[in-house]
Amino acid sequence: MIKMKQCIQTLGFSLLLGFAAQTYADSKVSTENIQQLTQKADQADIAAIHKLIAMYGKGEMVAKDEQKALLYSRKGAALGDVQSKYMMGMILLNLRSSSKQDIAEATKLLTELAESGHVQSQATLGSHYLTGELLPKNIALGIKWTEAAAKQNHGLALNNLGWMYYKGTGVNQDNKKAVKYLEKAVKQNNALAYANLAMLYSRGDGVKQNDQKSVELLQKAVELGEPLAKVNLALAYYNGTGIKQDQDKAY
């Protein structure tokens, strides 16, 4: 099996907006529906604000409009809604042309939320500081916020902390601790953690080498939609490693 290129995970804005389908299930939205939501949002209805942020952010059932998504997140944030504040920070980070001012505002907002114990903000800051995506790379801050979120059993943070121990990124390299955190992340159903743990089983790093166990973990990662796991599972089928050889399935 092969080494995956990216095994630390960041929380993308499109994933963050995954709640849109749950909060607004009607696929046939009329102009009247939008007007009603807008009126409710103007009347400080937080649920309506969340729906409009998600709809404009993803471009589902309305034209995608990041500025309108930002507008409604600011509205919710002004009302003291934590989720709106978090969404506002994420939108500012992910604007197509984020300015230094946008990044600074987002960082300040997310840091305040993280310091208050908001686990999503902790995991987000940790992952972006570790990878240098959207925020300047800062391993010390990456560790700080990743550890804080991991203490609250956040799956993404647990995966990232496990991988940090595996690679010795900002911490003393420790395969046993890597396995410990990846197993905790798996319990939180983190797809990339299944794939990372599979790699450790395939190599016998921190655990007894077990190709069958590795394949089982890869299969679960694939079920959860992890694309990198598909590559390794294809190789397992191609070579017959830990599973009956089947080159058609590999293909």
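The values are calculated or read from the model by the stated rules, or taken from the named source; none is laboratory data. Since this is a predicted model, take the numbers as computed values, not measurements. Cβ coordinates were reconstructed from backbone atoms using ideal geometry, including for glycine residues, and neighbour counts include every protein chain displayed. Ligands, DNA and RNA are stripped out before the accessible areas are found, and what is left, the full protein with its side chains, is counted by its heavy atoms. Shrake-Rupley method; radii C 1.70, N 1.55, O 1.52, S 1.80 Å.
Give the stretch 65-82 a look and list any residue that's open to solvent by 60 Å² or more (accessible area, probe 1.4 Å) and out of contact with any Phe, Trp or Tyr (no Cβ under 7 Å at 6 or more places or on another chain), or say none.
Scanning the stretch 65-82 gives 67, 71, 74, 75, 78, 79, 82.
Any chance the stretch 87-104 includes a residue that's open to solvent by less than 50 Å² (accessible area, probe 1.4 Å), more than 27 Å from residue 37 (Cβ to Cβ) and at pLDDT 95 or above?
yes
Check whether at least one residue in the stretch 115-124 is farther than 30 Å from residue 199 by Cα and in a helix (DSSP H, G or I), and report yes or no.
yes
Yes/no matrix, rows are residues, columns are (1) open to solvent by 40 Å² or more (accessible area, probe 1.4 Å); (2) closer than 19 Å to residue 189 by Cβ; (3) in contact (Cβ under 8 Å) with a residue 24 or more places away in the chain:
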position: 125; (1), (2), (3): no, no, no
position: 128; (1), (2), (3): no, no, yes
position: 133; (1), (2), (3): yes, no, yes
position: 141; (1), (2), (3): yes, no, no
position: 146; (1), (2), (3): no, yes, yes
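Looking only at the stretch 219-249, which residues are within 10 Å of residue 192 (Cα to Cα), part of a loop (DSSP other than H, G, I, E, B) and open to solvent by less than 30 Å² (accessible area, probe 1.4 Å)?
226, the sole residue that qualifies.
Listed here are the residues, each with its yes/no results for (1) part of a helix (DSSP H, G or I); (2) over 21 Å from residue 131 (Cα atoms).
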| residue | (1), (2) |
| --- | --- |
| 149 | yes, no |
| 169 | no, no |
| 176 | yes, yes |
| 182 | yes, no |
| 194 | yes, no |
| 199 | yes, no |
| 217 | yes, yes |
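Confirm whether residue 61 is open to solvent by 60 Å² or more (accessible area, probe 1.4 Å) and either within 24 Å of residue 102 (Cβ to Cβ) or assigned to a loop (DSSP other than H, G, I, E, B) (or both).
In short, yes.
Determine which member of the set 70, 95 is touching an Asp or Glu at 6+ places or on another chain (Cβ under 8 Å) and among the aliphatic types (A, V, I, L, M).
Step by step, each of 70, 95 is checked, and only 95 is touching an Asp or Glu at 6+ places or on another chain (Cβ under 8 Å) and among the aliphatic types (A, V, I, L, M).
Among the candidates 174, 211, 205, single out the residue that is among the acidic types (Asp, Glu) and more than 24 Å from residue 234 (Cα to Cα).
174
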